[in-house]
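First comes the structure, then the notes that go with it.
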Amino acid sequence: MNLIYIASLDFYTKPNPSFHLMTTMLEDVLSAGHSVSLIGCAENGVDKHIPDELEKFDTFKYSLIDVPNVKKSAFVKRYIEGIKYSWKVKKELKKIIDDGDVIFVQSSPTVLYTLLFAKKQAKNKKIIYNVQDMFPGSSIASGVMNQKWMQKVFFMLQKIAYKNADVITAISDDMKDKLVEQGVPENKIKVIVNWFDDKSVHQVKWDENRFVKKYNMSKDKFYIQYAGTMGYVFDYKMVIEVARCLTHNEKIVFQMIGEGSQKQAFMDEAKSLELDNIQFLPLESQDMVSDVYSACSVCFIPLKKGVIGNSVPSKAGLLMACKKAIVTSADKGSKYCAMINDNLIGKAVSSDSFDDAINALTYFYNNREKCIEYGENGYNYGHDLYSRDKNMKEYLSLFENCCE
C-alpha cells in the first residue's frame, strides 16, 4: 500500500500535538512495510521540517511547498494562504496520484479546497479526512468568529468538504456527535482518538524528575499545572478567578507552562491583580513531556464553553500515562466530562462555574491520597484507550480496508 498523506498548512513547521501524532502515525505505517508519499509545507525561517524518524525509511518520499510565516491571529491572510497552498497541493498530487492507493487529508480551515482537488484526481481511490478541530465550530467557540453571516457561510462550505470525503475520522465521541448534527452520515464516521506514545510517555519519579530539579520545586507545595497552548480555547479567566480565590493559601502554586496568543493578556491580568501564586514558565522540549506532567500535584485543563466536540484537549491521554489526576472545566453534559467523572480519573465541572472548579481543586488539596488514586484510575483506563499501539492498529486496518 502507498499512502498519500496531505498535510495541513502548519504541519511540521513547529512542535505541536499534530507533529507528534502524525510523526508516529507515518513511522508505524512505514514500519508495517507500506510506503508513504507526503505532501507538506516548508515555512520560511524554519530549518527542520521532516523528522529524522521518517527520513531513515527508503519507502518514505515527500514534497514540500514553500509557505510564508503568517500569524494565526491574521485569519483572513492565513485563509488566503491556505487556499494558495491547496492549489499548489493539487499540482503535486497530480504527479503522484497514479502510484497512490489511499489519500489521507489532514484537517485545516481550508481543507475544502484540498478535498475538492483530491476528489477530482482520486480516480476511485478512497479519501480519508482526519478532523482534529471542527471548523468553523472551534473558531466560534473560542470567540474569534462572532459574525453570524460568516458562521453561516463557513458551515455551508464545510458541509461540501464532508461530502467530498469517503471516510471521516473524528478524535472523540463528542466530535462524532457534532459531525452527525451537521449532516454527516454516522456510517461515514470512524472515531480514533489521539494517542500518546506509550513507548516514551510515562510517570517520572519526583527525585529523578528533571523539571522538578530545573525549577527547584518543593514537596511541601501543591502544584496545580497547565502545560500547553494558551490560545483561544484556553479559558485563562477561569484560572485567574480560581487563583484569586486561593491566593490566601501559600502552599498552592499555579504553574502555567507554554506559549500562545492569550498568554500576554493572561500575564497582564495576573500582574494587575497581584496574583503571586501564578508562575508563568516557558514551553519545554518534546523530550521533557513526561517530566513536566509528572511534576504536578494535579492538572487543570480550563476550556471555554463550546470547545468540547469542536476540539479535544490532547493532553488528557498524556496525563493518564503519567498517572495524574485531572480537573477540567468544559461543557456540562459532554461525553468528555462523563469520562473524567464516571471513571474517577478526576473531576470535570461546568465551564460556567468558578465555584465548582475551586471546590474540585480544593478537594484534591485536602485529600492528597486521592491525587494518587485518581491518577492510577486514569492510567488503568487510558493506557489501552490512548495507546499508540491500539490506535495505530485501527488506522492501519482503515487504510488497508480503503484499498480493497
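The values are calculated or read from the model by the stated rules, or taken from the named source; none is laboratory data. Since this is a predicted model, take the numbers as computed values, not measurements. Cβ atoms come from the backbone with ideal geometry, glycine included; neighbour counts cover every protein chain shown. When the accessible area is computed, the model is the full protein with side chains, heavy atoms only, and any ligands, DNA or RNA have been set aside. Shrake-Rupley method; radii C 1.70, N 1.55, O 1.52, S 1.80 Å.
At 1.4 Å probe size, put 155, 135, 57 in order of accessible surface, largest to smallest. Don't skip to the end; give the middle numbers.
Details: 155 65, 135 15, 57 45 Å².
The ranking, largest first, comes out as 155, 57, 135.
Would you work out if segment 174-247 is rounded, prolate or oblate? Take a ≥ b ≥ c from the square roots of the eigenvalues of the alpha-carbon gyration tensor; rounded if a/c is under 1.5, else prolate when a/b is larger than b/c, oblate otherwise. Because a/c hits 1.5 or more and a/b fails to exceed b/c, segment 174-247 counts as oblate. Listed by chain and number, the aspartates and glutamates placed with their C-alpha closer than 19 angstrom to that of residue 94 are 66; residues fewer than eight positions away on the same chain are left out. The Cα atoms of segment 316-368 give a gyration tensor whose axes a ≥ b ≥ c have a/c of 1.5 or more with a/b no greater than b/c, which makes the shape oblate.
Seen through its C-alpha gyration tensor, with square-root eigenvalues sorted a ≥ b ≥ c, segment 226-379 comes out rounded because a/c lies under 1.5. Looking at segment 264-319, the GluC sites (Glu not before Pro) that sit in a DSSP loop and have at most 15 other Cβ atoms within 10 Å of their own Cβ are 274. A straight Cα-to-Cα reach below 16 Å connects residue 95 with the lysines 61, 119, 120, 123, 125, residues fewer than 8 places away in its own chain not being considered. Largest accessible area first, the residues 87, 206 order themselves as 87, 206 under a 1.4 Å probe with ligands, DNA and RNA left out. Between residue 199 and residue 146, how many nm apart are label points set 7 Å from Cα along the C-beta direction? Here the modelled spin labels are 4.8 nm apart.
Loop-located trypsin sites (Lys or Arg not before Pro) across segment 122-198 with a Cβ neighbour count of 10 or fewer within 10 Å are 123, with loop assigned by DSSP.
In percent, rounded to a whole number, the relative contact order of segment 266-404 is 22, using alpha-carbon pairs under 8 Å and six or more apart. Rounded to the nearest 10 degrees, the inclination of helix 111-121 to the longest alpha-carbon principal axis of the chain is 30 degrees. Cα-based values for segment 42-149, radius of gyration first and Dmax second, are 15.8, 49 Å.
Normalised by the number of residues in the chain, what is the relative contact order in percent for Cα pairs under 8 Å and 6+ residues apart? Don't jump to the answer; show the numbers that get you there.
On the way: 736 pairs, mean separation 58.7, N = 404.
The normalised contact order for the chain reaches 15 percent.
Among 85, 365, 215, the largest mean-square fluctuation in a Gaussian network model of the chain (Cα springs under 10 Å) belongs to 215. Using the rule -39500 (n - 2.57) for each DSSP H run of four or more residues, divided by the residues of the chain, the 222 nm mean residue ellipticity is -13000 deg cm²/dmol. Binning the alpha carbon pair distances of segment 294-390 at 10 angstrom intervals from zero yields the distribution 17, 51, 29, 2, expressed in whole percent.
Put simply, the C-alpha atoms of the chain give a gyration tensor, and the ellipsoid matching it has half-axes of 36, 23, 20 Å, longest first.
Annotation: aspartates and glutamates with alpha-carbon distance below 17 angstrom to residue 56 (same-chain offsets under eight excluded): 27, 28.
Between residue 276 and residue 215, residue separation times 0.36 nm minus the direct Cα-Cα distance comes to 20.4 nm.
Exceedance of the 21 Å cut-off in Cα-Cα distance is limited, within the set 77/315; 324/370; 152/332, to 77/315; 152/332.
When each of the peptides 181-187, 109-115, 347-353 is scored by how many other beta carbons lie within 10 Å of its residues on average, the order from highest to lowest is 109-115, 347-353, 181-187. With the whole protein complex present, residue 103 retains an accessible surface near 0 Å², based on a 1.4 Å probe.
Long-range amide H contacts for residue 42: which residues qualify at under 5 Å (H placed 1.01 Å from N, peptide plane, sequence gap of 5 or more or a different chain)? Close amide H contacts, sequence-distant or interchain: 65, 66, 67.
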